[in-house]
1. Here are some residues: VAL143, VAL147. Which one is β-branched (Val, Ile, Thr) and open to solvent by less than 50 Å² (accessible area, probe 1.4 Å)?
2. Please indicate, with yes or no, whether at least one residue in region 127-146 is outside any strand (DSSP E or B) and within 12 Å of ligand 2 (Cβ to nearest atom).
3. Could you check, for region 121-134, whether at least one of its residues is more than 16 Å from the chain's Cα centre (by Cα), in contact (Cβ under 8 Å) with a residue 24 or more places away in the chain and buried (at least 16 other Cβ atoms within 10 Å of the Cβ)?
Amino acid sequence: MDSVIKVYETLSPEETLEVGRELGRTSLAGQVYALVGDLGVGKTVFTKGFAEGLGIEEAVNSPTFTILQIYDEGRIPLYHFDVYRIEEPEEMEEIGFDEYIEGDGVCLIEWAGRIADLLPDNTIVIRIEKDLNKGLDYRKISVGRPV
Ligand code: ADP
Ligand code: MG
């Protein structure tokens, strides 16, 4: 389990966008956000809001086939990773992961559990979960630290 700092509950994609916007507005260069949760839970929806919060107007999509998508037009650069297809940690080295996490922008990593060993200690974990007892569109978004 992560140590949880804050929990949001949303009932629509729009509400998850708003949580993303709130965190995007206050994010700092050098921060790493690990997005954790099953397929279709809302990691990309959250990222779209986060990008808006940074002032990015360009459409954000899941970068599943590219691993990394860079958005430069906001307050600080957004490095949007989707590491679903990463099989060896070396692949992250090859794309220069170390430089991005120590860089001038903020990293948001979908499927970050796949590269857990590579994440810095100060990573902020965004765990998104469904609870079907609370409806199809319910999401619990926990913000915390990895342990
Ligand atoms: P992931 O990137 O985690 O695979 P996506 O963000 O691409 O997932 O998709 C999430 C899907 O769930 C979208 O179709 C979205 O409309 C839907 N959805 C329904 N309720 C919510 C909610 N509360 N928050 C986020 N997405 C939601
Ligand atoms: Mg996605």
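The values are calculated or read from the model by the stated rules, or taken from the named source; none is laboratory data. Keep in mind the model is a prediction, meaning the values are calculated, not measured. Quick reminder, even Gly has a Cβ in these numbers, built from the backbone with ideal geometry, and neighbours come from all protein chains shown. What goes into the accessible areas is simple: the full protein's heavy atoms, side chains included, and nothing from ligands, DNA or RNA. Shrake-Rupley method; radii C 1.70, N 1.55, O 1.52, S 1.80 Å.
1. Numbers: VAL147 fails: open to solvent by less than 50 Å² (accessible area, probe 1.4 Å).
Only one candidate qualifies: VAL143.
2. No: zero hits.
3. yes
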